[in-house]
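Have a look at the structure below, then the notes.
The values are calculated or read from the model by the stated rules, or taken from the named source; none is laboratory data. Quantities reported herein were computed from a predicted structural model and do not represent experimental measurements. Glycine also receives a Cβ, built like all others from the backbone with ideal geometry; neighbour counts cover every protein chain displayed.
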Amino acid sequence: MQPLVFADVRISYPEFQKINQQHALKTRWLRFLLLPALVGFVLWNTPTESEDATATGVRVGATLLVMLASMGYAVFNFNRALKKQYAASPLLQATATYTLTENGIRVESPIWRGTTAWAALRGFRHLNGWLYLVSSSAGGYLLNPACLVAPATEADVLALLQRHGLRPL
Amino acid sequence: MTPFVFPNVRTSFPEYARTSLVFTFKSNPLLWVILLPALSGLFALYVLLTGQRTLPDLWHDNKMSLLMLLFVLGWPVLLWWSLRKQYNASPALHTGARYTLSDEGVAVLHALGHEEYTWAAVPQAWHIGSWLILLTSQNVGYFLDLRQLAEPARAAEVLALLRTHGVKVK
C-alpha cells in the first residue's frame, strides 16, 4: 500500500477552538450543565420570607437568570482554557506532515518527529471537517483532509484505519 | 555533552495518580477554593454516621449539604476512573519507556513507538518529589523517574540542562 500523506498540516486557533467546542458538546455536554444546575438548586432551596405568587415569580425569574449567567460563565471559562492550552503548546502550533502506513503513523515537524503503532490508538472522530485520531484521553493527532496528498482520498484513510481496528468514537 | 539516559522508566498506577494529583493542585491552586464547599459534605457525613441526623432530616433542612455529601462520595470515584483511563491509554506509562535527554532535546522510546522533541517543544517541566514531568502541552507530558537516571549523572544536572535550554522548571 502507498503511504497516505497529510502534508504541512497546521491548525489555527479558530479551527482548534471549533474542533474542541464540537468535541466538548458531543462528549462533555453534562459539564456545561453542572454549574447552572448547582446554582439553580442552591437558589431554589434558599429559604425566603414571602411565599406569595409575585415573590415566587421573581424567584423563578432570578433563578433562571443566574442559571443562564452561570452557563455563560462555564462557556467563557472553557474558551479561556482552550486559548491558554493552544498558547502553551508549541506542538499544536507547529506545521507537521503525517504519513500513514500499514505500520502506524509517522510525524515530521521542525520541533518533533516520531512513529506510533496503530495499537497505541483508540479510534477516530470527525470534528468540524478534521479527522482526530485519539491516542489517549489527553492527546492525539489532528489531520486536515484538505492536506491529504492526491491521489489518496479520505475513503482510503478510513479504510486503513478500519483495517487496523480503529473505530469511530 | 553526554546524554542523560533513563533506561527503563515504568510508572505504577499509584505513583502516577499521586504525582498527577499533586501536579493538578499545584498548577491550578484555585481548585482548593472550589473544594472548600465540600467541607459541608464531610460535615453531613459526620452527622449521619454519628446518628445526630437522619437522611430525611438533612433532605428537609439542608439539601445543599446532602448534595455536597454526594460530591464528597462521588468525586474520588470519578477521579480514580479518569486517572485510570489516562494511565491505561498511555503505553509509555505502564509498559515502560527509555528517555534520553541531550542538548538536541528529548527522545522517547516505548513498546508502541518513539518520539523525538527539540527543547522548543517542551515549554515547561514540573519537579515533584522524585518525578520530573516534561510537558509538551498544558496537560500532556512524560513522567520521568529521577531515581532511574543512569549513573554517574545526577538529577541536578538534568534540571540544569532543562534550564539551559529555556524549559521553565517549576
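What to note about this one:
- Of residues in the stretch B:111-162 being assigned to a strand (DSSP E or B) and without any contact (Cβ under 8 Å) to a residue 24 or more places away in the chain, the one farthest from B:ASN88 (Cα to Cα): B:THR118
- Boolean, B:VAL72 is in contact with a strand residue (DSSP E or B) (Cβ under 7 Å, 6 or more places away or on another chain) and in contact (Cβ under 8 Å) with a residue 12 or more places away in the chain: no
- Output for the stretch B:1-24, where each listed residue is in a helix (DSSP H, G or I), among the aromatic types (Phe, Trp, Tyr) and over 9 Å from the mean Cα position of the chain (by Cα): B:PHE13
- Residues (under 23 Å from A:ALA159 (Cβ atoms), among the aliphatic types (A, V, I, L, M) and in contact with a Pro (Cβ under 8 Å, 6 or more places away or on another chain)) located in the stretch A:72-111: A:LEU100
Condition check ((1) within 14 Å of chain B (Cβ to nearest Cβ); (2) at pLDDT 85 or above; (3) surrounded by fewer than 17 Cβ atoms within 10 Å (Cβ to Cβ)) across all residues:
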{"position": "A:PRO3", "(1), (2), (3)": "no, yes, yes"}
{"position": "A:PHE16", "(1), (2), (3)": "yes, yes, no"}
{"position": "A:TRP29", "(1), (2), (3)": "no, no, yes"}
{"position": "A:ASN45", "(1), (2), (3)": "yes, no, yes"}
{"position": "A:SER50", "(1), (2), (3)": "no, no, yes"}
{"position": "A:THR54", "(1), (2), (3)": "no, no, yes"}
{"position": "A:MET67", "(1), (2), (3)": "no, no, no"}
{"position": "A:ASN79", "(1), (2), (3)": "no, yes, yes"}
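- Tally, over the stretch B:21-66, of residues that are under 21 Å from B:SER82 (Cα atoms) and surrounded by fewer than 16 Cβ atoms within 10 Å (Cβ to Cβ): 14
- Odd one out for B:TRP119 among (1) modelled with pLDDT of 95 or more; (2) among the aromatic types (Phe, Trp, Tyr); (3) more than 24 Å from A:GLY140 (Cβ to Cβ): (3)
- Residue in the stretch B:26-38 that is closer than 24 Å to B:TRP126 by Cβ and touching a Leu at 6+ places or on another chain (Cβ under 7 Å) present: no
- The combined condition, being modelled with pLDDT of 90 or more and either exposed (fewer than 15 other Cβ atoms within 10 Å of the Cβ) or closer than 26 Å to B:ASN88 by Cβ (or both), is fulfilled by A:THR153.
Conditions (1) surrounded by 18 or more Cβ atoms within 10 Å (Cβ to Cβ); (2) within 8 Å of another protein chain (Cβ to nearest Cβ), marked per residue:
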{"site": "A:SER89", "(1), (2)": "yes, yes"}
{"site": "A:ALA96", "(1), (2)": "yes, no"}
{"site": "A:LEU121", "(1), (2)": "yes, no"}
{"site": "A:HIS126", "(1), (2)": "no, no"}
{"site": "A:TRP130", "(1), (2)": "yes, no"}
{"site": "A:PRO145", "(1), (2)": "no, no"}
{"site": "A:LEU148", "(1), (2)": "yes, no"}
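- Answer residue from the stretch B:117-148, given it is out of contact with any helix residue (DSSP H, G or I) (no Cβ under 6 Å at 6 or more places or on another chain) and away from every other protein chain (no Cβ under 14 Å) and is nearest to B:THR19 (Cα to Cα) among those: B:GLY129
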